[in-house]
Amino acid sequence: MVIIDVHLTQKNYQIRIQSGLYHICAEQIAQVWTPRQIALITDTNVAPLYLETVESQLIQAGYQVTPIIIPAGETSKSLDQSMALYSQLAAANFTRHDGVIALGGGVVGDLAGFIASTYMRGIAFIQMPTSLLAQVDSSVGGKTALDLPAGKNLVGSFYQPDLILIDPDFLTSLDQRQLLAGYAEIVKVAALNGGTFWQQVTGIQSAHMILAQAETLIQQSVYYKAQIVMADEKESNQRQLLNYGHTIGHAVETLANGSLMHGEAVSIGLVAMQHLVEQSGLTEAHLTPVITTVLNAVGLPTDSPLLMSDRLFTQLLHDKKNQGDAINLVYLDAIGVPKIQSIPLTTLAANLFSKKTGNQPTDTLQ
């Protein structure tokens, strides 16, 4: 078992990674939680596969389990769904001494984490991510969130779990599209990190190779993100690097209205952002074709008609990273050399317009 220790100002916990880990999950959980009520939150995709195995283990270990199954999909990250969960916890007489376990992908983790962070001002929380995207990204770092009609993740909190259990065996039940969506986040982290991690992803040519190398890919991604989170838990500085590809990616994902998965939108956002900063003179790097090749090698999308949408800039205005009239853009000067640059939103708009029309930008991003 690989154990990554996370040490924060107000909390320490472990991320444990091992194939087959969900078969001994109650044993792991009993090391950090005394017997209590547990809301085991999952979705309609994951429940038929893993809920019974996890629930029966917890019951045998002395926990009182309330399984809660939400509809699969991004629409469950809503205020309406959160109100339904609060009501279920209250009806089952949950107290602040009880806990929530998220058994599922990023939607389940975001929603369950938000519920745990706000019910009775915070109850204990454990993550058991089942998708590659959740294992390498959304389960790590303590971000919880709900969506609003105006954009993704606009309501949320920073709330760290007591434990994260990552089992690569969960990935065998994913379809190829879900697997590749998670891999986009791995490519992002590898590009930020560089070195042997980047060399590894440049050699991956298929979903089969992702599965075969999943454990080491997960370990390296999680280790990198954990180091960033420990240095900057609340995203005031270095943690913003993890937003590489997300500024445009989130906007495209919202405009896609469910037709793009998060990782697919991030893949498009990685290429679009790197192309934008290179064409605008912010960096002399020529990495757009390099990153495009790595993503295209496994079949991830790297372009979209939505990049030309008149509504793209409107979505960017709702980005959480906005600071008044400016936004922090993350890009690469070289593989393994990320940079953060604050630029005026009006300048970003001019450069997006120049990309749309094919004209030269009216102002540089510098």
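If Asn12 satisfies every condition in (1) closer than 22 Å to Ser131 by Cβ; (2) exposed (fewer than 13 other Cβ atoms within 10 Å of the Cβ) but one, which is the exception?
Going through the list (1) closer than 22 Å to Ser131 by Cβ; (2) exposed (fewer than 13 other Cβ atoms within 10 Å of the Cβ), Asn12 breaks only (1).
Let's see how each residue does on (1) surrounded by fewer than 16 Cβ atoms within 10 Å (Cβ to Cβ); (2) assigned by TED's automatic domain parsing to the domain that holds Leu180; (3) at pLDDT below 85:
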site: Ser280; (1), (2), (3): no, yes, yes
site: Glu284; (1), (2), (3): yes, yes, no
site: Pro301; (1), (2), (3): no, yes, no
site: Leu307; (1), (2), (3): no, yes, no
site: Leu316; (1), (2), (3): no, yes, yes
site: Gln366; (1), (2), (3): yes, no, yes
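Quick one: which residue in Ile68, Ile164 is over 16 Å from the mean Cα position of the chain (by Cα), within 20 Å of Ile29 (Cβ to Cβ), among the β-branched types (Val, Ile, Thr) and in the same structural domain as Arg16 (by TED's automatic domain parsing)?
Ile68
For region 49-63, state whether one or more residues are assigned to a loop (DSSP other than H, G, I, E, B), in contact (Cβ under 8 Å) with a residue 60 or more places away in the chain and of a type outside the set (S, T, N, Q).
Checked region 49-63: no residue is assigned to a loop (DSSP other than H, G, I, E, B), in contact (Cβ under 8 Å) with a residue 60 or more places away in the chain and of a type outside the set (S, T, N, Q).
Restricting to region 2-45, give me the number of residues that are within 23 Å of the chain's Cα centre (by Cα), in a loop (DSSP other than H, G, I, E, B) and of a type outside the set (Val, Ile, Thr).
Of the residues in that region, 7 qualify.
Need pairs with beta-carbon distance below 7 Å; first residue on the phi < 0 side of the Ramachandran plot and within region 92-112, second assigned to a helix (DSSP H, G or I) and modelled with pLDDT under 95; sequence gap 6+ or separate chains.
Every condition considered, the pairs that remain are Gly106/Ser138; Gly106/His262; Val107/Glu74; Gly109/Ser138; Asp110/Ser138.
If you take the residues in region 210-231 that are without any contact (Cβ under 8 Å) to a residue 24 or more places away in the chain and within 21 Å of Thr172 (Cα to Cα), which one is surrounded by the fewest Cβ atoms within 10 Å (Cβ to Cβ)?
Ala212
Based on this model, can you work out whether Gly195 counts as farther than 24 Å from Phe125 by Cα, in the same structural domain as Ser78 (by TED's automatic domain parsing) and in contact (Cβ under 8 Å) with a residue 60 or more places away in the chain? Lay out the reasoning, then the answer.
Working: farther than 24 Å from Phe125 by Cα: yes; in the same structural domain as Ser78 (by TED's automatic domain parsing): no; in contact (Cβ under 8 Å) with a residue 60 or more places away in the chain: yes.
Against the criterion (farther than 24 Å from Phe125 by Cα, in the same structural domain as Ser78 (by TED's automatic domain parsing) and in contact (Cβ under 8 Å) with a residue 60 or more places away in the chain), Gly195 does not qualify.
Inside region 1-20, can you point out the residues that are touching a strand residue (DSSP E or B) at 6+ places or on another chain (Cβ under 7 Å) and basic (Lys, Arg)?
Across region 1-20, the qualifying residue is only Arg16.
Return the pair list, or none, for Cβ contacts closer than 9 Å from residues in region 291-304 that are under 14 Å from Gln178 (Cα atoms) to residues that are part of a loop (DSSP other than H, G, I, E, B) and hydroxyl-bearing (Ser, Thr, Tyr), at least 6 apart or on different chains.
Final answer for the pair search is Val298/Ser206; Gly299/Ser206.
Say we look at region 120-153 and pick out the residues that are in a helix (DSSP H, G or I) and either of a type in the set (A, V, I, L, M) or without any contact (Cβ under 8 Å) to a residue 60 or more places away in the chain (or both); which of these is farthest from Ala251 (Cα to Cα)?
Applying the filter and picking the extreme gives Met120.
Among the hydrophobic types (A, V, I, L, M, F, W, C), surrounded by fewer than 18 Cβ atoms within 10 Å (Cβ to Cβ), out of contact with any Gly (no Cβ under 7 Å at 6 or more places or on another chain) and at pLDDT below 95 - does that describe any residue in region 115-138?
No, region 115-138 has no match at all.
For region 198-208, what are the residues that are surrounded by 14 or more Cβ atoms within 10 Å (Cβ to Cβ) and touching a residue at least 60 places away in the same chain (Cβ under 8 Å)?
Listed by number, the residues that qualify are Trp198, Val201, Thr202, Ile204, Ala207.
Restricting to region 161-173, name every residue that is surrounded by 21 or more Cβ atoms within 10 Å (Cβ to Cβ) and assigned to a loop (DSSP other than H, G, I, E, B).
Matches in region 161-173: Pro161, Asp167.
Which residue, of Val271, Val252, is under 14 Å from Leu329 (Cα atoms) and not polar (S, T, N, Q)? Give the steps one after another, and end with the answer.
Numbers: Val252 fails: under 14 Å from Leu329 (Cα atoms).
Only one candidate passes the filter, namely Val271.
What number goes with the only condition from (1) farther than 14 Å from Ser139 by Cβ; (2) in a helix (DSSP H, G or I); (3) polar (S, T, N, Q) that Ser221 does not pass?
(1)
Are any residues in region 297-307 closer than 16 Å to Leu260 by Cα and either of a type outside the set (D, E, K, R) or assigned to a helix (DSSP H, G or I) (or both), and if so, which ones? Before the answer, list the steps.
In the first step, residues of region 297-307 are kept if they are closer than 16 Å to Leu260 by Cα; the result is 299-307.
Listed by number, the residues that qualify are Gly299, Leu300, Pro301, Thr302, Ser304, Pro305, Leu306, Leu307.
The values are calculated or read from the model by the stated rules, or taken from the named source; none is laboratory data. None of these values were measured; they are calculated from a predicted model. Positions of Cβ are generated from backbone atoms using ideal geometry, with glycine treated the same way; all protein chains shown enter the neighbour counts.
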